[in-house]
Structures are given as structure tokens and as C-alpha cells.
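*Asks:* Structure incoming, see below.
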Amino acid sequence: MKVIYILWLRQLKRYIRSKSRIVGSLVQPLLFLVALGFGFGPIFQKAGSGNYLEFLAPGIIAMSILFTAMFSGIEIIWDKQFGFLKETLVAPVSRLEIMIGRTLGGATVAALQGLIVLIISTFVGFKIVSFAALPLALVFMFLIALLFAALGTTVASILEDMQGFQLIMNFLVMPIFFLSGALFPLNGLPGALQTVIKVNPLAYGVDGLRGALIGAAQFGLHIDIIVLSAITVVLLAIGSYLFSKIQI
């Protein structure tokens, strides 16, 4: 447990010390909120679908968490190339603890990033329907972060160079985000597209955040939590196995 705590704290300290990283990672969510929220807001309202900014904000929060959590896996490849990972793996501690510590650290950083975006969203014009459900929203944010931090670690465990990771991320991250219902309602979509969205784990995270923040869950909050938890457990198991097979 001590190793897990040390690695978790190390990831958190890296994030807090890197002010440029914090500011840089907020530019894209803020751009999406302002450009899309106010740009498509009138069209969304004329279609009778309500306030688009309130619909969009949970999706952008999930996007911020997704990107931060997935790219936390880059650090594994970075550490491989510069020998830092070797120093960690030769230590007389369980690789499972190392993997869990790094994943929890990446998930915590991603969840904090999502919380910052949530706070910024309220200044832009987003309104939380019920503050009593805010703890539930934080649970969904951490589940999303843990799931995709585990996925990022899993992918990074089998790759050797940064170029390969970037390629895989582009094939994973962008489709996962755009096919999650973060930017558009799921009603009236073609059947094939709805099927793709329903097998996308981020769709349940976005839906859970919408349910907690604005009371507009489509799948149901209990289904969202069950699906996210189940997939997270599976990815943590796969990631732990692949991380244990890293050659040093």
C-alpha cells in the first residue's frame, strides 16, 4: 500500500508543479464550451431541445477527463525510453502495486482536470440543477478517469515508442469522444450509430454526468455506474497483466 501511495502522490505532485500543463489542457475544453455552446446554442434552442450549453458541458467535462487520463499512459513510454521505469521495476515491490499506483495517480489528475473544467463551465453559464447530486457527479468523473487511465496504461504497456502511442491514441481517443453523445443527443440517430454509441464506455460516463448535473440521464444512472465499474475492473485486470509482462 505504501508503494501505491507514493506513486499516486508522485503523479499528483507532477501535475500541481506543471502550471503550463494545467493551463494548456484547459484551452481545448474552454474553446469547445464557448465556440460550440454559444455557436450552436440558438439552433439547438430553435429545435426545441433546450439550452445547448447545459447539454454540452457534461460532455466537455468527460472529454477533458478522457484526454488527460489516456495520455497519462505516455509517461510509461517516456520512462521506458529514459530508463526511469527500469529503476522502478527492479525495486523489490509488486508490479501490480506499481501499476495500480500509477493508474490511480493518472486517474486522480484527470478527475481534478474535470473538476476544474466543471468550475469554469459555471462561469461560462452552465447551471447545476441539484448540488445534492454533485457527489454523484464526482463519482462518475473518477470512474471515467480510472477507466481511461487503465486503458492508457494498457496500451502503453505493449508499445515501445511515442510515435506508436500517438497513432493508437488518435484511432481510439477521437472516435471514443465523438461517438459518445457528448456533442449531440442520441434521439433520432440511425440504428447502427446508436449501437456503436451503446458499446462506447464513455457514453455511459457522459450520460451519468448529465444525469447527476442536469437530471437528463438517458440510459439510467444505475446502468451507467454498473457498466463503467465493470469495464474499469476488466481494464485494470488486463492492464495489470500486460504491465507485469514489460521487459526491462
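Where a number appears in this text, it was derived from the coordinates with a stated rule and is not lab data. Worth saying up front: this structure is predicted, and the values here are computed from it rather than measured. Positions of Cβ are backbone-derived with ideal geometry, glycine not excepted, and every protein chain shown enters the neighbour counts.
*Asks:* Could you sort the peptides 143-152, 31-40 by per-residue average Cβ neighbour count (10 Å cutoff), highest mean leading?
*Replies:* 143-152, 31-40
*Asks:* Could the peptides 234-243, 61-70 be put in order, highest first, of the mean number of other beta-carbon atoms found within 10 Å of their residues?
*Replies:* Going from most to least packed, we get 61-70, 234-243.
*Asks:* Cβ under 9 Å from ILE246's Cβ, ILE246 left aside: what net charge do those residues give with Lys, Arg +1 and Asp, Glu -1?
*Replies:* Net charge around ILE246: +3.
*Asks:* Dipole magnitude of region 2-244 about its Cα centre, charges +1 at Lys/Arg Cβ and -1 at Asp/Glu Cβ only, in debye to the nearest 20?
*Replies:* Computed charge dipole of region 2-244: roughly 460 debye.
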